[in-house]
């Protein structure tokens, strides 16, 4: 291992620990992303913490989000977003928009993957008065799902486990049985998985 990589890993570990204790809910420390064979030194999670801290400090992004998040992702109302701590990687990409306004919640099942530029929203604007939002509706993504790049999941959608959403899809209705590939605008089943 190169000495510069070791120094960087130690640096991220020390400062990451300091920032983590100030900014985040401690339950996220149980994530696999903060563990390594060297007692956490060199784990990718610390690099995420440093990046997030710089984003919050310089860009003023994602203030109040209780977990490390890429400055290139937007989370609205993090208290209404639920996911397994070992799926923290879904908040480290770019261009994603997690909007859980009002009473709407977003549930992301364990082991699911979300590609860049995905939008998951729990409410839309009222077409009669664009300054108002409609009542929020929960979005539920089952376990072991894959949401492809540039997809949008609309309010009230429920995806069963093992659902794959093709890139660029707009999911307007639920697919609760899972075990399928959906794609298109609006999304429809294009393949049933065994």
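The values are calculated or read from the model by the stated rules, or taken from the named source; none is laboratory data. Being a predicted model, the structure only gives us computed values, none of them experimental. Virtual Cβ from ideal backbone geometry, glycine too; neighbours counted across all protein chains shown.
In the set (1) touching a strand residue (DSSP E or B) at 6+ places or on another chain (Cβ under 7 Å); (2) over 25 Å from residue 32 (Cα atoms); (3) modelled with pLDDT of 95 or more, the condition left unmet by residue 137 is number (1).
Here the condition is being surrounded by 16 or more Cβ atoms within 10 Å (Cβ to Cβ), touching a residue at least 24 places away in the same chain (Cβ under 8 Å) and either closer than 22 Å to residue 75 by Cβ or in contact with a helix residue (DSSP H, G or I) (Cβ under 6 Å, 6 or more places away or on another chain) (or both); of 117, 162, it holds for 117 alone. Return the total of residues in region 119-144 being over 22 Å from residue 95 (Cβ atoms) and assigned to a loop (DSSP other than H, G, I, E, B). Matching residues across region 119-144 total 10.
Restricting attention to region 83-103, the residues that are within 10 Å of the chain's Cα centre (by Cα) and either farther than 19 Å from residue 117 by Cα or part of a helix (DSSP H, G or I) (or both) add up to 5. For region 52-70, filtering for residues that are without any contact (Cβ under 8 Å) to a residue 40 or more places away in the chain and either assigned by TED's automatic domain parsing to the domain that holds residue 120 or within 12 Å of the chain's Cα centre (by Cα) (or both) leaves 3. Based on this model, can you work out whether residue 81 counts as surrounded by fewer than 18 Cβ atoms within 10 Å (Cβ to Cβ), at negative phi and free of Cβ contacts under 8 Å to residues at least 40 places away in the same chain? Here the answer is no, as residue 81 does not meet what is asked. When residue 74 is tested against (1) touching a strand residue (DSSP E or B) at 6+ places or on another chain (Cβ under 6 Å); (2) buried (at least 20 other Cβ atoms within 10 Å of the Cβ); (3) closer than 21 Å to residue 168 by Cα, just one condition goes unmet, and that condition is (2). Quick check: is even one residue across region 44-51 in the same structural domain as residue 158 (by TED's automatic domain parsing), assigned to a helix (DSSP H, G or I) and crowded, with 16+ Cβ neighbours inside 10 Å? Within region 44-51, none of the residues are in the same structural domain as residue 158 (by TED's automatic domain parsing), assigned to a helix (DSSP H, G or I) and crowded, with 16+ Cβ neighbours inside 10 Å.
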